[in-house]
Amino acid sequence: MSQQLVLALAGTIRHDGNGGVTDDLADVAGLATWLREQAEPLRAYADGPFAGAPDERLRLDVVAVRRAVRALFAHAVRPGPPSRADSSTLLPVPDAVDRLNEAAGRLPVRPVLSWPQDSTPTVAWRGTSPDARRWLTAVLARAAIEFLTGPARAQLLACPAPRCVRYFVKDHPRQAWCKPSCGNRARVSRHYQRHAASPTVP
C-alpha cells in the first residue's frame, strides 16, 4: 500500500492535457480533494484516514514531502531520465533524504510486547497521537521511505511518453509507459515524426 500512496503523491504533478503541467496540490481545495481520493490507501497503510481540516500550512508540508519524493524518484531512475516536470528544480539528494527523515520522525512509535498466558508473545507498534498535520506528513514520508527501500524501487521509471511527467512502477517486462493512453500518444508521435522526416515523392 505504500507504493500506491507514494506514487499518488508524486502523481499530483501531472500533464494538464494541453501540453503543460498542473499541480493538484496548488491550493487547499486541491489537497482536500486529493485526501478524499486517498482515504482508502491512507486507511490501509496507517490504520485510519486523515482526520482534520486541510489548511495552507498542511498543504505546504505535504508539498515539501512531495518535492523530496520526486527528487529521490529522479535519483532512483538513473541512469534513465527523470520526469521533465521538475528535473531542473530538484532538491539535492541529501536534502531530500533529510526532509523525509524529519517528516517521518514526527510520528513517534514504540514496540509494545504482549504475552498472554498459554500463548506466544507478539509485538504491536504504538505511537502517541500527534496533531493531524504531523500525522499526515509522517505517514506520507514513511510510505516513501518504505517504497524507496523496497524491491519495487528497481522497477521505477519516468514515463517517456510525450508530455507525460509521471513516475510509474513497471509491472511487467514489456511495459514502457505509465498507462495505455501514454503508449498510444507515443506511438502516434513516432508515426508523425517518421512521416514528417520522409521526403514527399512527387
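The values are calculated or read from the model by the stated rules, or taken from the named source; none is laboratory data. Predicted, not measured: the structure shown is a model, and the values here were computed from it. Cβ coordinates were reconstructed from backbone atoms using ideal geometry, including for glycine residues, and neighbour counts include every protein chain displayed. Ligands, DNA and RNA are stripped out before the accessible areas are found, and what is left, the full protein with its side chains, is counted by its heavy atoms. Shrake-Rupley method; radii C 1.70, N 1.55, O 1.52, S 1.80 Å.
Answer yes if at least one residue in region 109-125 is touching a residue at least 24 places away in the same chain (Cβ under 8 Å), closer than 19 Å to SER2 by Cβ and open to solvent by 40 Å² or more (accessible area, probe 1.4 Å), and no otherwise. No - not one qualifying residue is present in region 109-125. Restricting attention to region 7-22, the residues being under 13 Å from the mean Cα position of the chain (by Cα) and open to solvent by less than 50 Å² (accessible area, probe 1.4 Å) number 7. For region 24-54: of the residues being more than 13 Å from the chain's Cα centre (by Cα) and of a type in the set (D, E, K, R), which is farthest from ARG163 (Cα to Cα)? Top of the filtered list is ASP47. For CYS159, the conditions (1) open to solvent by less than 60 Å² (accessible area, probe 1.4 Å); (2) under 19 Å from ALA71 (Cα atoms); (3) out of contact with any Phe, Trp or Tyr (no Cβ under 8 Å at 6 or more places or on another chain) all hold with the exception of (3).
Yes or no, residue by residue, for (1) more than 18 Å from the chain's Cα centre (by Cα); (2) modelled with pLDDT of 85 or more; (3) hydroxyl-bearing (Ser, Thr, Tyr):
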position	(1), (2), (3)
PRO82	no, yes, no
SER87	no, no, yes
GLN117	yes, yes, no
THR120	yes, yes, yes
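If you check ARG59, ARG43 for being open to solvent by 60 Å² or more (accessible area, probe 1.4 Å) and either among the basic types (Lys, Arg) or within 17 Å of ALA104 (Cα to Cα) (or both), only one passes: ARG43.
Here is a yes/no grid of residues against (1) in a loop (DSSP other than H, G, I, E, B); (2) within 30 Å of CYS182 (Cα to Cα); (3) touching a strand residue (DSSP E or B) at 6+ places or on another chain (Cβ under 8 Å); (4) β-branched (Val, Ile, Thr):
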| position | (1), (2), (3), (4) |
| --- | --- |
| ARG66 | no, yes, yes, no |
| PHE73 | no, yes, yes, no |
| GLY80 | yes, yes, yes, no |
| LEU90 | yes, yes, no, no |
| VAL97 | no, no, no, yes |
| ARG110 | no, no, yes, no |
| ALA144 | no, yes, no, no |
| ARG153 | no, yes, no, no |
| LEU157 | no, yes, yes, no |
